[in-house]
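Everything on this sheet refers to the single structure shown next.
The values are calculated or read from the model by the stated rules, or taken from the named source; none is laboratory data. Bear in mind that the values here come from a model prediction, so they are computed numbers and not experimental data. Glycine gets a Cβ as well: all are built from the backbone with ideal geometry, and neighbour counts include every protein chain shown. For the accessible areas, the whole protein counts, side chains as well, though only heavy atoms, and no ligand, DNA or RNA atoms are used. Shrake-Rupley method; radii C 1.70, N 1.55, O 1.52, S 1.80 Å.
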Amino acid sequence: NAGVMQNPRHLVRRRGQEARLRCSPMKGHSHVYWYRQLPEEGLKFMVYLQKENIIDESGMPKERFSAEFPKEGPSILRIQQVVRGDSAAYFCASTTGTRETQYFGPGTRLLVL
Amino acid sequence: AQSVTQLDSQVPVFEEAPVELRCNYSSSVSVYLFWYVQYPNQGLQLLLKYLSGSTLVKGINGFEAEFNKSQTSFHLRKPSVHISDTAEYFCAVQNNAGNMLTFGGGTRLMVKP
């Protein structure tokens with residue numbers, strides 16, 4: 001029973017490039033959550049998606065960041081024109097529904113040079 | 001709005017000693033409470049959770065936590081720690097809508113031989 005999968009595990013980008021982070025939820029899970037962990041800090045909620053719908057994006061920066069969870073395939077967190085401050089670990093979690101326990105992936109560690 | 005405070009950023013302790021990691025939360029509504037552990041360069045693993053019922057919750061790896069509504073606390077305890085318990089521990093609350101977790105800043109447990 002595979003857990004939450006994220007790839008790549010490590011991603012290096014230069015300022016101004018785009019970063020695409022992928023998350024495949026656990027089998028049977030249709031709800032995905034993205035969190036960001038800045039160095040030496042706790043995780044901060046970014047966005048909550050169900051298949052083909054963004055339910056809550058209250059934690060997403062207003063510019064350059066977007067997320068999707070298509071009918072087929074993984075959820076994608078996209079960061080356009082990355083800046084050094086985007087360097088962080090990005091985690092996704094999945095559940096079978098709201099108010100269920102969130103299970104986390106191993107994270108993608110983004111480094112912007 | 002919810003918030004979580006982990007009072008200790010680091011807790012050094014000798015192997016086989018007891019440990020308590022403190023967590024206080026604030027919320028105007030009833031919440032679900034969680035403790036997660038993060039080993040270096042890995043994702044978050046669920047240790048235990050409080051949803052309802054008995055205020056003493058037992059988790060994996062010998063950890064337990066007690067929900068105290070009057071003190072709005074959910075402290076994590078282990079009677080005898082091992083070197084392998086060295087990790088970052090995060091306390092989190094889930095909001096009433098169930099669409100996000102709010103994390104504390106984390107407590108780094110350092111077990112010394």
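A few comments on the model shown:
- Residues of the range A:1-42 that turn out to be under 22 Å from A:Val83 (Cβ atoms) and open to solvent by 60 Å² or more (accessible area, probe 1.4 Å), as a count: 13
- Selection within the range B:21-32: residues that are of a type in the set (S, T, N, Q) and assigned to a loop (DSSP other than H, G, I, E, B). The member of this set that is farthest from B:Ala1 (Cα to Cα) is B:Ser30.
- A single member of B:Val81, B:Val11, B:Val57 is buried (at least 16 other Cβ atoms within 10 Å of the Cβ), within 25 Å of A:Gly3 (Cα to Cα) and either hydrophobic (A, V, I, L, M, F, W, C) or at pLDDT 95 or above (or both), and it is B:Val57.
- B:Gln2 out of contact with any helix residue (DSSP H, G or I) (no Cβ under 7 Å at 6 or more places or on another chain), under 13 Å from B:Arg108 (Cβ atoms) and touching a residue at least 60 places away in the same chain (Cβ under 8 Å): no
- Checking each residue in the range A:43-77 for being hydroxyl-bearing (Ser, Thr, Tyr), away from chain B (no Cβ under 14 Å) and open to solvent by 20 Å² or more (accessible area, probe 1.4 Å) picks out only A:Ser66.
- Selection count where residues are within 14 Å of chain B (Cβ to nearest Cβ) and without any contact (Cβ under 8 Å) to a residue 40 or more places away in the chain, scope the range A:1-24: 1
- The criterion of being touching a Ser or Thr at 6+ places or on another chain (Cβ under 8 Å) and of a type in the set (S, T, N, Q) does not hold for A:Gln81.
- Test: residue in the range B:11-19 that is without any contact (Cβ under 8 Å) to a residue 40 or more places away in the chain and among the aromatic types (Phe, Trp, Tyr): no
- Wholly within the range B:33-113, strands (runs of 3 or more DSSP E) carrying at least 1 residues that are within 13 Å of the chain's Cα centre (by Cα) and within 21 Å of A:Pro106 (Cα to Cα): B:44-50, B:87-94, B:101-103, B:107-112
- Selection within the range B:88-113 - open to solvent by 10 Å² or more (accessible area, probe 1.4 Å) and within 14 Å of chain A (Cβ to nearest Cβ): B:Glu88, B:Asn95, B:Asn96, B:Ala97, B:Asn99, B:Met100, B:Thr102, B:Phe103, B:Gly105, B:Arg108
Yes/no per residue for (1) within 29 Å of B:Tyr89 (Cβ to Cβ); (2) at pLDDT 95 or above; (3) in contact with a Cys (Cβ under 8 Å, 6 or more places away or on another chain):
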position	(1), (2), (3)
A:Arg14	no, yes, no
A:Ala19	yes, yes, no
A:Ser24	yes, yes, no
A:Gly28	yes, no, no
A:Tyr33	yes, yes, yes
A:Gln37	yes, no, no
A:Glu40	yes, no, no
A:Leu43	yes, no, no
A:Glu52	no, no, no
